[in-house]
1. Checking the structure you have, find out if any residue of segment 40-49 is at pLDDT below 85, hydroxyl-bearing (Ser, Thr, Tyr), in contact with a helix residue (DSSP H, G or I) (Cβ under 8 Å, 6 or more places away or on another chain) and assigned to a helix (DSSP H, G or I).
2. Output the residues belonging to segment 154-187 that are among the hydroxyl-bearing types (Ser, Thr, Tyr) and touching a residue at least 24 places away in the same chain (Cβ under 8 Å).
3. Scan segment 141-161 and give yes if some residue there is of a type in the set (A, V, I, L, M) and more than 30 Å from Ser211 (Cβ to Cβ), otherwise no.
4. Which members of segment 108-124 meet the condition of being loosely packed, with under 14 Cβ neighbours inside 10 Å and part of a helix (DSSP H, G or I)?
5. So is Phe213 free of Cβ contacts under 8 Å to residues at least 12 places away in the same chain and either under 25 Å from Ser102 (Cβ atoms) or surrounded by 15 or more Cβ atoms within 10 Å (Cβ to Cβ) (or both) or not?
Amino acid sequence: MKQKRYNTCILMSKQHTKHLLMLGTALLLMGCVSNKKMIYFQESDHLKLETSLANFEPAIQPGDFITIHVSANDPLLAQTFNLYETATSTATPRMLPYLVDSKGTINFPVLGKLHVGGFTTHQISNHITEALTTYLVAPIVNVRLTNFKISVMGEVKMPGSYTIPNERITIVEALALAGDLTIQAKRKSIMLIREQNGQREFFTVDLTDKSLFNSPYYYLAQNDVIYVQPNKAKVNSSSVGAGTSVLLSSIGILISVITLLSI
């Protein structure tokens, strides 16, 4: 009788072990992801990429800060058109930026109200240079956008806001700044949030499609927000909560105990 009961326990232990191993295998398979969902910039049969790089320049928007520096043959006369903070005995004066108002204008010395909204820094520079020829000989005008920043949120390694000094960045470079996507990120539906002309717009970008390089959203504008959504596995694990790790730990302990009993 004892021998029969012992043999029954061994049989049941082996069956439990088999079932638990099958469960563990299923959990591992659930974590597997298709290569097509993970690999960036995949080829397309009918895709023709532009070989020349776009000469992208951001347009100035209300709320932007720009600096304008004027130089000429007569430096003292040119200083009339430069805006500096009050100098102190311990620090050199710092050039003050112009805030573009809600109508897209700034108040420039001598010239008065200038409409800069919707124009690039290069276009603004040309316009002011032409206007200053009445007052200066051979004026040189440098215009810079000082608040070009983008924000990256969601499933990236280093989410946050990033200031871009050269006024030009692509969505690929922005994600690289944020440490790239995590393994739990959706690569086919990156959300791009952009504010322009007083409206907020939402666009979807597919990083697995090589046609991204031809997209009008490949280059980012100032204050763009990139949101990387979590994939289904991340969402499901979040909804289960901390109990998942406890369950997997318990399964591991049970497998170890049953294996010892079956020896």
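The values are calculated or read from the model by the stated rules, or taken from the named source; none is laboratory data. Bear in mind the structure is a predicted one, so any value in this text is a computation, not a measurement. Because the Cβ atoms are built from the backbone with ideal geometry, glycine has one as well, and the counts that use them run over all protein chains shown.
1. Within segment 40-49, the subset at pLDDT below 85 is 40-49.
Narrowing the set further to residues that are hydroxyl-bearing (Ser, Thr, Tyr) leaves 40, 44.
With in contact with a helix residue (DSSP H, G or I) (Cβ under 8 Å, 6 or more places away or on another chain) added as a condition, the list becomes 44.
When the remaining residues are screened for being assigned to a helix (DSSP H, G or I), the result is none.
No, there is no match, as no residue in segment 40-49 is at pLDDT below 85, hydroxyl-bearing (Ser, Thr, Tyr), in contact with a helix residue (DSSP H, G or I) (Cβ under 8 Å, 6 or more places away or on another chain) and assigned to a helix (DSSP H, G or I).
2. Our first condition is that a residue be among the hydroxyl-bearing types (Ser, Thr, Tyr); within segment 154-187, this holds for 161-163, 170, 182.
Thr170, Thr182 - these are the residues of segment 154-187 that are among the hydroxyl-bearing types (Ser, Thr, Tyr) and touching a residue at least 24 places away in the same chain (Cβ under 8 Å).
3. Residues of segment 141-161 of a type in the set (A, V, I, L, M): 141, 143, 145, 150, 152-153, 156, 158.
Cutting the leftovers down to more than 30 Å from Ser211 (Cβ to Cβ) gives us 141, 143.
Checked against the condition, which is being of a type in the set (A, V, I, L, M) and more than 30 Å from Ser211 (Cβ to Cβ), segment 141-161 yields at least one hit.
4. Of everything in segment 108-124, just one residue is loosely packed, with under 14 Cβ neighbours inside 10 Å and part of a helix (DSSP H, G or I), namely His122.
5. Numbers: free of Cβ contacts under 8 Å to residues at least 12 places away in the same chain: no; either under 25 Å from Ser102 (Cβ atoms) or surrounded by 15 or more Cβ atoms within 10 Å (Cβ to Cβ) (or both): yes.
Taking the combined requirement at face value, the residue does not satisfy it.
Let's see how each residue does on (1) assigned to a strand (DSSP E or B); (2) among the polar types (S, T, N, Q); (3) modelled with pLDDT of 95 or more; (4) at positive phi:
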{"residue": "Ala87", "(1), (2), (3), (4)": "no, no, no, no"}
{"residue": "Ala91", "(1), (2), (3), (4)": "no, no, no, no"}
{"residue": "Ile106", "(1), (2), (3), (4)": "yes, no, yes, no"}
{"residue": "Asn126", "(1), (2), (3), (4)": "no, yes, yes, no"}
{"residue": "Ala131", "(1), (2), (3), (4)": "no, no, yes, no"}
